[in-house]
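The values are calculated or read from the model by the stated rules, or taken from the named source; none is laboratory data. Note that the structure is a prediction, hence the values are computed from the model and not measured. A quick note on method: Cβ atoms are made from the backbone with ideal geometry, for glycine too, and the neighbour counts reach across all protein chains shown.
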Amino acid sequence: MSLSTRYNPQDTEDKWYAHWMAHNYFHSEPDKREPFTVVIPPPNVTGVLHMGHMLNNTIQDILIRRARLQGKNACWVPGTDHASIATEAKVVKLLREQGIRKTDIGRDAFLSHAFDWKHKYGGIILDQLKKLGASCDWDRTRFTMEDKLSDAVIKVFVDLHKKGKLYRGLRMTNWDPEAQTVLSNEEVLYSEEQSKLYRVRYAIEGSAGEFITIATTRPETILGDSAIAVHPEDPRYTAMKGKRAIVPLVGRSIPIIFDTYVDREFGTGALKVTPAHDMNDYEIGERHQLEVIDVFNDDGTMSEAAGFYIGEDRFVVRKKLAKDLEASGNLVDVEDYKNNVGRSERTNSIVEPRLTMQWFLEMKGFAKTALDAVKSGEVSFYPEHFWNMYNSWLNEENVRDWCISRQLWWGQRIPAWYYGEEVFVAETAVEALE
């Protein structure tokens with residue numbers, strides 16, 4: 001028998017993994033031994049595993065194999081995550097390449113395509129884990145949208161709603177005009193981009209020849225302006241107290257207000273306030289009871305409320321508006337400007353802050369429980385310095401209620417039924433009718 005001069009890892013790995021599987025070494029059943037259980041952070045069914053997955057799952061495998069050597073009843077539960085927005089974005093792109101829009105085929109047909117994607121890539125992901133040598137109990141493989149888990153999600157949603165931990169409210173959110181859904185803060189990626197800074201002058205109402213000038217990178221939102229804000233200690237605008245300005249092109253009269261949020265060093269020191277389309281403007285609007293005017297449709301075109309350019313794309317309108325402002329004598333100047341722009345992690349579309357009705361989970365109580373678990377020693381961090389990051393995330397000052405709703409077809413459906421302005425949360429339609 002000749003010994004090969006070259007080692008072929010694939011042959012060796014496949015042989016031993018097949019041996020382990022044939023002898024069911026990774027399967028476990030409850031018994032009297034001390035349990036050691038790991039539920040795999042399920043990879044998204046959006047493609048294939050990357051190096052981050054490989055590192056993470058190797059660490060889990062080391063821990064689970066060590067537990068077996070220590071005589072513990074070790075169980076590593078594998079599975080995949082339906083990854084609502086990530087998967088829907090992939091399937092929408094795939095259909096678009098075939099000349100198909102999801103709205104043309106309807107929910108059921110779209111979900112059929114999404115499940116086809118899941119069956120294809122979910123299987124690839126599990127095969128990759130096996131190639132890695134992961135010692136999972138494959139008999140326990142789960143999928144986050146399988147019937148049992150979906151039923152559990154609905155039960156928990158209804159229970160949390162009954163306890164007052166879940167509520168529906170109008171809040172400022174991140175809106176993806178391409179996917180036409182709200183996004184979490186983590187799904188918005190910011191980077192410095194080349195933009196334009198537009199200086200626009202607003203006539204002072206009842207005072208011929210008097211103007212106040214603002215600076216903005218988003219002139220299309222001028223159509224939704226509700227006020228102009230200046231810093232109360234800025235001497236340039238002391239005489240503006242109690243005055244009103246006229247929104248260019250629109251002709252709407254808006255108040256000039258004083259607010260300490262305004263940065264006196266940026267632009268002209270005067271800030272156009274558009275509560276429907278900026279997080280900070282919304283807070284200013286709340287403090288001063290300003291009107292909220294949403295000038296965008298879900299797809300990023302101008303809405304009826306805009307009054308002008310209705311149905312046209314926001315970026316087309318940006319260029320048209322600049323020309324119209326120049327023609328009306330309201331455009332002072334335009335300069336090149338670099339600023340941070342937020343884009344959707346999934347579609348790369350520029351995200352619009354929008355006031356939308358969503359479902360939120362109250363987080364302060366949950367955050368306290370998570371913090372207390374570490375403070376009491378029940379949970380430990382290795383390395384310890386990660387505690388500082390964890391504490392920063394979950395301390396009371398930084399915790400915000402979690403927006404859990406999305407405007408998507410692929411994913412867990414919210415068990416809520418609507419009748420006019422009334423909302424009924426129940427596990428089934430029959431229970432909602434009761």
Quick one: A239 ticks every box in (1) closer than 29 Å to Q180 by Cα; (2) not in a strand (DSSP E or B) bar one, so which box is it?
(1)
R65 fails exactly one of the following numbered conditions: (1) farther than 28 Å from R346 by Cβ; (2) free of Cβ contacts under 8 Å to residues at least 40 places away in the same chain; (3) among the basic types (K, R). What is the number of that condition?
(2)
Within region 163-186, track down each residue that is more than 14 Å from R400 (Cβ to Cβ), surrounded by 21 or more Cβ atoms within 10 Å (Cβ to Cβ) and of a type outside the set (A, V, I, L, M, F, W, C).
D176, P177, T181
Could you list, in sequence order, all residues of region 75-105 that are over 23 Å from the mean Cα position of the chain (by Cα), over 25 Å from I124 (Cα atoms) and not in a helix (DSSP H, G or I)?
G99, I100
Filter region 277-320 for residues that are in a strand (DSSP E or B) and either of a type in the set (F, W, Y) or in contact with a strand residue (DSSP E or B) (Cβ under 6 Å, 6 or more places away or on another chain) (or both) and give the result.
F296, T301, D313
Just checking, does region 107-120 include any residue being under 30 Å from H23 (Cα atoms), modelled with pLDDT under 95 and buried (at least 17 other Cβ atoms within 10 Å of the Cβ)?
yes
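Of everything in region 414-427, what is touching a residue at least 12 places away in the same chain (Cβ under 8 Å) and not in a strand (DSSP E or B)? Give them in sequence order. Show your work before the answer.
So the first thing to find is which residues in region 414-427 are touching a residue at least 12 places away in the same chain (Cβ under 8 Å), and the list is 414-417, 423, 425-427.
I414, P415, A426, E427, listed by residue number.
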A careful count of residues in region 388-413 that are within 21 Å of the chain's Cα centre (by Cα), of a type in the set (S, T, N, Q) and outside any loop (DSSP other than H, G, I, E, B) gives 1
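Answer yes or no: is there a residue in region 73-82 that is surrounded by fewer than 20 Cβ atoms within 10 Å (Cβ to Cβ), in the same structural domain as K32 (by TED's automatic domain parsing) and either free of Cβ contacts under 8 Å to residues at least 60 places away in the same chain or of a type in the set (K, R) (or both). Spell out how you get there, then give the answer.
First, pick out the residues of region 73-82 that are surrounded by fewer than 20 Cβ atoms within 10 Å (Cβ to Cβ): 73, 77.
When the remaining residues are screened for being in the same structural domain as K32 (by TED's automatic domain parsing), the result is 73, 77.
Narrowing further to those that are either free of Cβ contacts under 8 Å to residues at least 60 places away in the same chain or of a type in the set (K, R) (or both): 73.
The answer is yes, given that some residue of region 73-82 is surrounded by fewer than 20 Cβ atoms within 10 Å (Cβ to Cβ), in the same structural domain as K32 (by TED's automatic domain parsing) and either free of Cβ contacts under 8 Å to residues at least 60 places away in the same chain or of a type in the set (K, R) (or both).
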